[in-house]
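Since the structure comes first, as structure tokens, the remarks are kept for the end.
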Amino acid sequence: MLPQKSLRKLGVGVNYHWDFQDLIYTHLDRIDYIEVSPDIFCEEVIAANNSRHFQLDARKLQDALALGRKCPVIVHGLGLSLGSASGWNADYLTMLDNYEEQQPFCWHSEHLGFTLVKNPDGSEDHAGLLLPMPFTAEALDLLCPRIQHLCTRYSAPFLIENTTYYLPHFSSHAQAWDEIDFLNQLLARTDCGLLLDLYNFYCNAINFGFDPYAALARLQFDRVIEIHIAGGVTHEGFLLDVHSSEVPEEVWALLEWILPKLPNLCAITYELLEQALPLMGEARIIAQLDRCKSLWNYYLDCRKELDNVAA
Amino acid sequence: MSLLDVQRSLVGLTRGSMGAYENALQLTPGEQEWLTQILDSKGLQVTQQIQQWWRMSRVCSTAPLTIELLKRTGLTDVIVEYITNQPVRTLFFAAELEQFKQFLENHAQVDTTTKTLIAFEAGIKSASQLASANLTTPTFSLSLKFEQNPLELFTALLTGTPLPSADSQGFQLVVDSTLETLWRCYRNGAISTHSPYEQVAAR
Ligand SMILES: [Fe+2]
């Protein structure tokens, strides 16, 4: 079932980290939901034979569960390595199965990319960061059944998130698809929704010199369920996806432009790295959430108007 | 070039080179050119740097005393060697710390004090994980002998003051998941106070 059929509009939220707990509890009137990466409650144990398993930190989990009784929760996974040709990290799903038993969530999402690869000798290497998928038919064939499985494994729908990449020529390799073509094909061939990370997309547009408006205009808008916004830094001429600062004005403008086009949008999440908390301070973070909330209200007004016209 | 080969190549490139693996691939001229373009790109350098920053931040946050001691004893190159040459295995803190500990234990340039210190920091991580798991069993326990007063060593590393000389005897640190502070210092079998140093255990 497509996700938009079953979801309620949540509003504006922030990613969860225990360092943000005081801020979130204090501002529950502003923060409509939290986005939880359950991986952060775990450590990874790597056995001598290279097998991996998660070890849960019950105290960290309990703190998040307590907050989850105060506001809705959505899940944003980090460790599945969805696109690994040599097999995804199945232990992530075991961990998410256990988490779901304790914490209901409205939907779950993962990044379009991979981190793990098995070598010819059977050993496994880790990229150390999320690497992009090439926009090829082979990648699509690998991803679609996996995504479809994720759409049905839990009672909550699944969203795929576009990512930032810095390696060149991903669009020109093998055939002429670009990121938007690839995302649209993933959406056409599966029941997943899209977690559109506007900041990631903006980084790619700046780093590789394309027009984000022209590209996004080709996106299948009705499948966008959630939007991520964030800020970062420029390094060696590249805009980096580090979630360390305020959202750039250009991304706010993109958000305002795209909002009225998204009939099934349910949430806008401001993503922030925990290390940014002492650097930015609470007031600046809250100002970002408030700006987000006013755009969310603008979005609701636009939808109401469009619905009235349609009626 | 299959998707698996593309991914193996990309992971290899983010670690600096594809090494022997590249020779085993049957690359078309177009594929060879594509990989060469990536190899020569600024984007690859940035990707490598991001990977190294994250890794450095994992090591610095889980083994701050050891990192400081390596720097103080002129072994910054050993940290760089770990970050740049050792294969990446994980994005998680405890697993990275364990890998760093094993690397230091096997490194000829690293002295006994540093090896004991990384064992202490890794032990604290293991003990705190077990304590947080709310399990009564299994427990974690480790006993480490120091050639100087470990409390003075920690103070020196945390405050930037001179390191104590390694000529004292009888100091022992016990790391134990059943202790409230996770660790305790003994001298000749008697408990040494460590209340000013609890910031180390409280990490
Ligand atoms: Fe994101």
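No value in this document is a laboratory result; all are computed from the given coordinates. In this text, all values refer to a predicted model and were calculated from it rather than measured experimentally. Here Cβ is always computed from backbone atoms with ideal geometry, including for glycine, and neighbour counts include all displayed protein chains.
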*asked:* Taking the conditions exactly as written (touching a Pro at 6+ places or on another chain (Cβ under 8 Å) and without any contact (Cβ under 8 Å) to a residue 60 or more places away in the chain), does A:Val45 satisfy them or not?
replied: no
*Quick check: is even one residue across the range B:133-145 surrounded by fewer than 20 Cβ atoms within 10 Å (Cβ to Cβ) and among the aromatic types (Phe, Trp, Tyr)?*
yes
*Residues of the range A:62-84 satisfying the condition of being touching a residue at least 40 places away in the same chain (Cβ under 8 Å) and within 14 Å of chain B (Cβ to nearest Cβ)*: A:Asp63, A:Ala64, A:Gly77, A:Leu78, A:Gly79, A:Leu82, A:Gly83
*Would the range A:85-106 turn up any residue that is under 15 Å from the mean Cα position of the chain (by Cα) and more than 10 Å from chain B (Cβ to nearest Cβ)?*
yes
*Only one of these conditions is not met by B:Ile118: (1) within 14 Å of chain A (Cβ to nearest Cβ); (2) in contact (Cβ under 8 Å) with a residue 40 or more places away in the chain. Which number is it?*
(1)
*Are there any strands (runs of 3 or more DSSP E) wholly within the range A:40-108 with 1 or more residues that are more than 22 Å from A:Gly13 (Cα to Cα), and if so which?*
A:42-46, A:52-56
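Here's the yes/no breakdown for (1) touching a helix residue (DSSP H, G or I) at 6+ places or on another chain (Cβ under 8 Å); (2) more than 7 Å from every other protein chain (Cβ to nearest Cβ); (3) assigned to a helix (DSSP H, G or I):
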residue: A:Leu116; (1), (2), (3): no, yes, no
residue: A:Ala139; (1), (2), (3): yes, no, yes
residue: A:Leu142; (1), (2), (3): yes, no, yes
residue: A:Pro145; (1), (2), (3): no, yes, yes
residue: A:His149; (1), (2), (3): no, yes, yes
*Scan the range A:233-240 and give yes if some residue there is among the acidic types (Asp, Glu) and under 16 Å from A:Asn264 (Cβ atoms), otherwise no.*
no
*Within the range A:170-179, is there a residue that is in contact with a Cys (Cβ under 7 Å, 6 or more places away or on another chain) and farther than 21 Å from B:Ile50 by Cα?*
no
*within 15 Å of the ligand (Cβ to nearest atom), touching a strand residue (DSSP E or B) at 6+ places or on another chain (Cβ under 9 Å), more than 14 Å from chain B (Cβ to nearest Cβ) and assigned to a loop (DSSP other than H, G, I, E, B): does that describe A:Val247?*
yes
